[in-house]
Amino acid sequence: MSRLDTWNSARNMDINSVYSDEPMSSSLDGTDAEPTRDRLDHLEKLVHHQADEIVLLRSVIAELVRRVTELETTSRGSATSRERSFTSSNGTSGSSTLTLPTRSSTNRSSLGNSTSSALSTSRSTLTNKNAGHHLSSESLQSTGTARNSYGGGGGGIRASPSMDRLATPKSAVGSHTMGRSPANKATTPTTPMRKWTSNSDFQNGVNSNSLTYSMPSPANSHSSGYGQTTSGSSTSRRYGSQTQLNAPPSFTSTSSSSASQATYRSATQLPVSLAHKEPVFNPDDGYLHVTIRGKGMNFHVPTEYCMKQSLTMPNPPPNQQLKLEWAYGYRGRDVRGNLHCIATGECVYFVASVVVLANFQEDLQRHYLGHSDDIRCLAVHPNRLIIASGQTGIYDKKSDSKRRGAVSPTADQAFDISLDKVVHIRIWDAVSLQTLHVLGGHGEFEKGFSTLAFSKMDGGALLSVIDESQEHTLTLWDWQKGLTRGSRIAMTQCGPEAVFACEFHPAVPNLMITCGKSNIFFWTLDGSTFALSKVAGNFERVERPKYILCLCFSEAGDIITGDSSGNIISWGRAAGNRVRQIVNNAHPGGVFVLLSCDDGTLVSGGKDKRLLVWDQDLNKTGMEYELPDKYGTARSLAQSSTLQLLVGTNRNCLIQGHFHTGFNLVVQGHFDEIWALATHPNHHQFATASYDRYLTLWSASDKVPVWSMEMQDGIHSICFHPDGDLIAVATISGRWSVVDTLTKEIVSSQNVNEDTQDLLSCIKYSPDGRFIAVASVDRCIYMYQVLEGGSKCIKAGKLIGHSSAVLCLDWSVDSTYLRSNSDNFELIYWTPATLKVVANPATCRDVDWDSWNCILEFGVAGVWSETVQALSVDCTRSDLEEASQQTPSVLAVGDDGGKVKLFTFPAMSLKSQCHVYNGHSNHVSSVRFLHDDSRLLTAGGRDASVLQWDLVPASTSPVKI
């Protein structure tokens, strides 16, 4: 995270606190000191300048290292040739000395050319790395049409801070690092590990905390851990994002000390030639040698696959595709105004990178899947059939420098260019779900968007956009001009303070109102010059609030606002920028949302969790409703065609109903990171759990929650008992429990270690139900014997052998063997009955595994070509082969870039083709098939979404956008 992102996060902390359930912070009373702001502005300029220089230097270093490597290879070949020649001519073996070029002997003129060469090499290498993916890369639309968008890893994806919990804790025993001998190490201390919490942590491609890289030591055939050193700390890993693929590689030599955690360089910064190599099959010993992230590993291949001639040949994409069937969840925790009712009778909202069009009366969903990153805002055209949605992403500096000062982007460019992970706005048809126009994508927008709004008096010809840049740039677009890319007609800056809402006046032409921190502005657009001018609201009669959070328009055209002081203020249409009427303390703690209903009444929602109804004179009508605590506070309001009220809450729920008859839950979602996902062994049900402490059982057929309960701690992993009547729950505090699915009672609960509270990364029952394995970040796997129908569990011991945090587990079908992967890229086989490591892993080559969730084994070797952030990937195999001998098995993979991929199993070649699908906006933390492989469930980590996909036959014709 750059210092600029740190300052922006700190500056917006008080803003976010307004929307929390906690009391209002007293720190909001302070005013910004001008000297401090000037100093910060100066530092921001320096940061931008230095970031560019760092990127350039890193590229030059990477190019120099590549050239030295080539020279070494060439020199060795030349020396060998000269030696052979000398031997043949003299009859003796002469000696030769290899001398590498020194800095003084190097042509300095090549240094300048190396800069551009390194940048182009980096870009071309990353582009070519994606070439093996099948182009049918979007989910099929709910309308039956398929969308296709080829995309690799992009920028702007936020790495999950929770993954830092998986880093192995400090230990006094010793450290395990990927490195040379201690004698060859530098003495520079390592940089401590940190958590990433900003959307732009890696957007500039610069990581302020450099990671170290050195060549790994030889690994055993069954355990591919890094070499060990004797320093008094254990290995800890940084969990970066797919964005780092765009960062130029760098090489840093850093050593660890006993007082600090040892770090090693992220694989995403390795040159592709070092990070991945095509697997090589050894037919004599029957193992597959794979190089992943610069590290060699041997995977023993089952005998049935050793007989095949095309073992390492690239697989074609599977003959099944995914069609998004249902999106569980709603994004309301950190956004506003994202709930609308349109002319089709559907309710429109978004979660992750999916815009959902829901018909709650018929329990149907349609989905717009044009986005590839977090959607932040939504606007509906006055005709209620055209929708604009804006996504966050990376900022294309190169495109921006070319277009700086331009009025509009090139008009004749098609909108089907690669906009994966790029900040842009999509305008699309709600009936056909076809994209009509795309605004941005060429550097026009620096960050994501805070508000979007269509004009009203001119039939929605204009679209106002306010981004989340430092000065909150406001732009006006004639979105229907310029073919598919629109035309920007005006641009100005709102200032450094946050903007919460922007709307065009429904009865006054060219008048636009914005509100934010301590201000409300009335903007006027000059129809001839397209110049924007503003007038600030006058608070001479009332106390100026700290924040004006929301606004709407009454039936008479009055502007009504709600603020953080709990007041509702009417700015009369004839009063201009002056207060006409005020209702003090309407909602103690703040008014978060306002809605003007069709009958002329006003509905307000506040921090007190109440919904109140006001008449046209802002008098209470007596109708009110208090939201239950588990739903949180109201964030968005909308009125359906049946005059029912829809309420979106900050706990990612949607409720619907009337004040007279009550409200019902129509959409339930988690409101924190989701890592735990498990499918029922016998029924079309699945369970999810989150760091929000809620465990929920869902019906995949009815697409509704069966029940939900709150646990004591955040949850990282869950699994079903083979009978399906129990759910084992592993928490982030080192405690695990067993829950009865029928009674929702906790029948057993205990800590794996009474002395520590390390996160439990994975939990799994054995197929016979007699044992349960609990993996921890303390590098151990704890084995328990299950007694009395699962209500009693006795610790049998622990498996010790990993050098870092254990990530995933698989049991054999007969419950005899267990395999596990660790953070240090290790694959170890165990015999749980003896609590020992399998001495000869080749004996496990033909073991039939009950699940395929380990990310390091022979069948998933080929998925690493693009899914570089291995530790955020979960995969599973659909046993379709057993159901139909003509249908090969399918491998489902979720990567750190938010992509869901389908491979043909086994995928042992880096060039294996796959289907790629958008939907999630963050790391896909878990993927699981239902017990009959009819559907796939995927969990989206920080986007707090769960997507349900249908497996359908692949289309015989090319899939197009």
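At a glance:
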read-out	value
At 0.890 mPa s and 25 °C, Stokes D of segment 530-649 from Kirkwood alpha-carbon radius, µm² per second	166 µm²/s
13 Å beta-carbon shell around Ile560, net charge (K/R +1, D/E -1)	-4
Greater than 29 Å apart at Cα, pairs in Lys517/Lys899; Lys703/Lys899; Lys764/Lys836; Lys323/Lys911	Lys517/Lys899
Sites Asn359 and Ser955 - FRET efficiency at Förster radius 25 Å, r taken between beta-carbons, to 0.05	0.45
If the convex hull is drawn through the Cα atoms of segment 430-518, its volume per residue in Å³	110 Å³
Per-selection Rg to Rh, segment 690-767 - Cα, Kirkwood hydrodynamic radius	0.97
More than 25 Å apart - percent of Cα-Cα pairs taken over segment 474-600	27 percent
Convex hull (Cα only) mean projected area of segment 441-492, reported in nm² to one decimal	3.7 nm²
For q = 0.13 Å⁻¹, Debye-computed log10 I/I(0) when each Cα of segment 618-683 counts as one equal scatterer	-0.48
Of all accessible heavy-atom area on segment 615-748, the percent that carbon and sulfur account for (1.4 Å)	43 percent
Calculated Rg and Dmax of segment 904-960 using C-alpha coordinates, Å	13.3, 35
Net charge, Gln785 excluded, C-beta distance under 12 Å - Lys, Arg +1, Asp, Glu -1	+1
Lysine pair count for segment 520-653 [Cα-Cα under 19 Å; pairs on different chains or 8 or more apart]	5
Percent of Cα-Cα distances greater than 15 Å, calculated over segment 719-818	58 percent
Net charge of neighbours whose Cβ lies under 11 Å from the Cβ of Gly572, counting Lys and Arg as +1 and Asp and Glu as -1	+2
Segment 316-384: GluC sites (Glu not before Pro) in DSSP coil with no more than 16 other Cβ atoms inside 10 Å	Glu362
Segment 489-551 - convex hull of the alpha-carbon atoms, volume per residue in Å³	97 Å³
Shape call, segment 424-464: gyration tensor on alpha carbons, a/c limit 1.5	oblate
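The values are calculated or read from the model by the stated rules, or taken from the named source; none is laboratory data. Quick caveat, the model's predicted, so the values are computed rather than measured. Here the Cβ is made from the backbone with ideal geometry for all residues, glycine too, and neighbour counts use every protein chain on show. These area figures cover heavy atoms from the full protein model, side chains too; ligands, DNA and RNA do not enter into them. Shrake-Rupley method; radii C 1.70, N 1.55, O 1.52, S 1.80 Å.
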